[in-house]
1. Pick out which of B:Ser164, B:Ser65, B:Ser285 has the largest mean-square fluctuation in a Gaussian network model of chain B, springs linking Cα atoms closer than 10 Å.
2. Beyond 35 Å, what percent of the Cα pairs of the range A:262-507 remain?
3. Would you mind calculating the relative contact order of the range A:1-108 from Cα pairs under 8 angstrom and at least 6 residues apart, reporting the percent as a whole number?
4. Within a Cβ distance under 11 Å of A:Gly38, other residues only, what is the Lys/Arg minus Asp/Glu net charge?
5. Which FRET efficiency value, to the nearest 0.05, do you get for A:Arg319 and A:Asp176 by plugging their Cβ-Cβ distance into 1/(1 + (r/R0)^6) with R0 = 51 Å?
6. How high is the relative contact order of the range A:6-240, given as a whole-number percent (alpha carbon pairs under 8 Å, six or more residues apart)?
7. Report, in debye and to the nearest 20, how large the dipole of the range A:6-240 comes out about its Cα centre when Lys and Arg carry +1 and Asp and Glu carry -1 on their Cβ.
8. I need the helices of chain A that pass two filters: whole DSSP H segments spanning 18 Å or more by Cα along the axis, and mean Kyte-Doolittle score no lower than 0.5.
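The values are calculated or read from the model by the stated rules, or taken from the named source; none is laboratory data. On a predicted model such as this, the values are computed, not experimentally measured, just so you know. Because the Cβ atoms are built from the backbone with ideal geometry, glycine has one as well, and the counts that use them run over all protein chains shown. For the accessible areas, the whole protein counts, side chains as well, though only heavy atoms, and no ligand, DNA or RNA atoms are used. Shrake-Rupley method; radii C 1.70, N 1.55, O 1.52, S 1.80 Å.
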Amino acid sequence: MTETMLQMTGIVKRFPGVVALAGVDLDVRPGEVHCLLGQNGAGKSTLIKVLAGAHRPDEGRILWEGSQVGFGSPVAAVRHGIATIYQELDLVDGLSVADNIFLAHEYASAGFVRGRETREVTVALLERLGHPDISPGTEVGRLSAAGKQIVSMARALSHDARLIVMDEPSAVLAHDEVENLFRVIRGLTAAGTAIVYISHRLEEIREIGDRVTVLKDGRTVAAGLDARTTPTTEIVKLMTGRTIEYAFPPRQSEPADGDPLLEVSGLTRAGEFVDVSFAVRPGEIVGLAGLVGSGRSEILETVYGARKAGAGTVSMGGRRVRPGSVPAAVRAGMGLAPEERKAQALFMLASIAENVVASTLPRFARAGFVDRRAALEAAAAQTAALELRPKDPRRPVRTLSGGNQQKVVVGRWLLKGCKVLLLDEPTRGVDIGARSELYALIRDLADSGVGVVVVSSEVPEVLGLADRVLVVADGRIVHEAPAAELDEHQVLDLVMEGSAVITKEDVV
Amino acid sequence: MTATEPATAPDAPVLRRAARLGSLGEARNLGLIIVLVLLTVVGAITAPGLFLTWGNLLNLLTTASVIGVVTVGMTFVIIAGGIDLSVGAIIALASVWCTTLASQGYGIGGMIFAAMAVATIVGAVNGALIAYGRMVPFIVTLAMYVSARGLAEQISGRRSQIVSDPAFAQIAFNKVLGIPLLVVILAVVAVVGWVLLNRTTFGRRTFAVGGNAEAARLAGIDVRRHTLLVYVLSGVCCGIGAVMLTALTNTGASTHGMLYELDAIAAVIIGGTLLTGGRGSLVGSILGVLVFTTITNLFILNNLETPIQNIAKGAIIVAAVLLQRRGDRRNAVTH
């Protein structure tokens, strides 16, 4: 099995403002499980979209079974025998299992669906996948996440795909479901089908993978590594060996003391995170490190009251905050800069000033009428202090760069006078030059006595910015240490190996 | 990651329960049938000897026929994630166009052709602007609602145009095996619509486009072309409705089909089709039309005033949507 089925060479994909892929090589052989590894933002998702025909590459060559192809559309890729199972499952909830599997390639005569044949083939496919319990007539919206994934796989099989791309298939599966997934994968590869398997879990890659390709910053940094024998340290080194260094402001010389501002104790939400406890003191920056889906954003949103905790308490200054209520959290002095800045925080069409005063409007109102000049002045003072560019607070927020938009969100909470600032991925979509400035701003805030919680999937960011780091994996805090005592490899080992095998002694 | 969750395999009892309940739409259809039975009982008590007669039943169905045909097209549009506010205006325009002196010169065949062609073309314009012009369905069909009726007024000079060919008027009075032709037309359109929605690839893809347009695109469906076709279908239904209404009133007028869009949308919604698309039932829509028509019929037989009737209709719409929300929540529990 040395012949190559798929060979991608020098794939480049640019989006406005970013180079998502800067030269990726990938070769896949028939009957192998080829694992694709890389940190968040390394380019894995873009690469599989290129492979699926959903994105057109700007440069590079794709050889499929020896001949050069360009997948102009998802249909073209499928016709060549490449099927993709996306992370956000691409199913139609209102249609039945059988209808979803054969959507757009129905068994039909003159436009009439041949129901019996469709059902029979569906039953056979589901049996092959080890799930005869799923009925072809069931509405897909009624299935669990695992059930939906089985339907997605049946869909791939229905196309007679010879290459199946699986984007983090295990993320939505329970343990015994993963075993079943592996059994299905082994059955497929034995028949010559190739699998491109994306996962963050190294132990899975050891178990199911044949070869590994590692991506970093949109490039292939290693190809064809043996999935079973390559040491973990080497893989992690390949994934992290960064080329870009950020300037982080110096940490506080002394660890923060005094009574905690924010105390979280035993916080639990079924299916998301379990028994999360931490405290934030005035002037302290606490970082939460973890992968997408580890539960870190959910923890932050629950502390803020946007999600209701199943168990546990959140206290501000020693007083319990009413759970599941954002107004209560804001009254207690919390502010959140959410992950999806544009969707969850900003009024994109409104001006900078309107955005900054959004949480403090009553302060500028008399009998319900807003004193617009006073509001504008307050906003102008705030944006000047944050060195926002452009300076004019009447400019619409949508014309601002990512870094300056983030400053607007932060400015809103500073004007409100918040005591604890929760930052979810504060530098997402912020270009490299502006990041250092944002880091300095966050440190200044802490020095002025604000407690800060930072969530980031970029480990160096958490380590460089925070005083104390909590490592989150699979919805649990698996490790807590001063940032100075951790390095990137240790944190990545922790988040990737999961909570089960690691104890504190292993990493210190 | 959800390793903390219990095993989420679709367990057999849940699936069995789902199968027994049938789809959400069917469950609610049962509710509408119960409402119809209740209305029948109320009718039998309050209008004895009037409501439960063969003549009144046929009269009721004839009243329902035009709006019923329009509702079939509307059901497709809403399941595909759209809305068509222009159906009443299309009927007015088609009825006026087919009753101009020029059109009437071609006889009954030419008149029917004119009505169908005009309605289909207007539907295609709606669809093209929405699918290829990437405009919001609400805006496009609202604009069409205004301008199609305006064009109808322009052509007719706001006068009713009398149909001169007696054969055309006969469409409304002919009977097939004792059943009015208009009712037969509704039945045919409803059956064809049901088969198209539930037994063909076109129907399956309509659900897919409305339920998850991105998934439909990735699966290889030409979402834009499909969207266009759905609005064309709505136009065709309006054309049929225009012929029926013109025959029934023996006139073409720019005032035909007033507020039909609201009646059709209301019938679709209480029939269990989600206004957001992706889920729906044609049987439900037809039952919705019958519920509304029966209420109107009851009010007329009891000499009650229209305002009260409208209040009752509004209450039914709200109740139906509340029911829909409850159904969705129950649906979510089984995930």
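1. Result for chain B, Cα springs under 10 Å: B:Ser164 fluctuates most.
2. Cα-Cα pairs of the range A:262-507 separated by over 35 Å account for 14 percent.
3. Working: 142 pairs, mean separation 26.4, N = 108.
This gives 24 percent for the range A:1-108.
4. Numbers: positive: A:Lys44, A:Lys216, A:Arg219; negative: A:Asp217.
Counting the neighbours of A:Gly38, the net charge comes to +2.
5. On the way: r = 44 Å, r/R0 = 0.86.
With a Förster radius of 51 Å, E is 0.70.
6. Details: 442 pairs, mean separation 69.6, N = 235.
Computed value for the range A:6-240: 30 percent relative contact order.
7. Dipole about the Cα centre, nearest 20: 500 debye.
8. Flagged H segments are A:145-158.
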